[in-house]
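Any read-out appearing in this document is the output of simple, stated calculations on the displayed coordinates, not a laboratory observation. Quantities reported herein were computed from a predicted structural model and do not represent experimental measurements. FYI the Cβ positions are ideal-geometry reconstructions off the backbone, even for glycines, and counts take in every protein chain you see.
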Amino acid sequence: MTSNNNPQSYHKGRVGLLGTKYLISAANMDRAVEFYRDVMGLAVQVFSPYWSELTHGSAIVALHGGGDGLFTETGLSFTVKDIFEACSAIIKGGGSIRSEPEDRGEEGIYLAFVTDTENNGIMISQVKNSKLET
């Protein structure tokens, strides 16, 4: 395995893994990009009506155009500073709350199930040692 600062020369596993993207569908790309950029705080790296990529650190959320708007549970999850403020922002940004924040006990988090503007189910969590316990 080659290792230097060039991402194309650093890979892992037998497949030569270079990165990971989390793909979800969007019925309306402009609306979806606005939600993930302005509400969730991701940075737009690629934008087109058919394919967009937004990042936070090394995480990539890829939006594929042509979604049908039917509810889809994605498994996509975000950790936030304040889960109640995040739920409010999601509603104001056109999403919805499917399950209000709940204390997950010994898991050490508060967890809410929400839906983005494209009807994709996502989760948001907050680590318990933050603002809610002070």
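Taking the Cα centre of the chain as reference, the dipole from Cβ charges on Lys and Arg (+1) and Asp and Glu (-1) amounts to some 520 debye.
Remark: the range 65-78, residue by residue, has Karplus-estimated 3J(HN,Hα) of x, x, x, 9, x, 6, 4, 9, 7, 9, x, 5, 9, 10 Hz, where x stands for each Gly or Pro and the curve is 6.51 cos²θ - 1.76 cosθ + 1.60 at θ = phi - 60°.
Net charge in the neighbourhood of Thr74 (other residues with Cβ under 15 Å of its Cβ; Lys, Arg +1, Asp, Glu -1) is -2. Take every DSSP beta bridge whose two residues both sit in the chain, then give the antiparallel share in percent to the nearest 5. Antiparallel bridges make up about 70 percent of those DSSP assigns within the chain. 3J(HN,Hα) along the range 87-94, derived from phi through the Karplus expression 6.51 cos²θ - 1.76 cosθ + 1.60 where θ = phi - 60°, amounts to 4, 4, 5, 5, 5, 4, x, x Hz, with x in place of Gly and Pro. Amide H contacts of Val80 (H built 1.01 Å from N, in plane; Pro and chain starts excluded): Ser125, Gln126, Val127 sit under 5 Å, all sequence-distant by 5 or more or on other chains. Okay, which of the range 13-36 sit inside 16 Å, backbone N to the point 7 Å along the Cα-Cβ direction of Phe47? Answer for this model: 28-36.
Lys92 sits among other residues whose Cβ lies under 11 Å from its own Cβ, and their net charge, with Lys and Arg +1 and Asp and Glu -1, is -2. Matching the structure-derived Rg/Rh (Cα atoms, Kirkwood Rh) against the labelled list [x] 0.98; [y] 1.31; [z] 1.03 gives the label [z].
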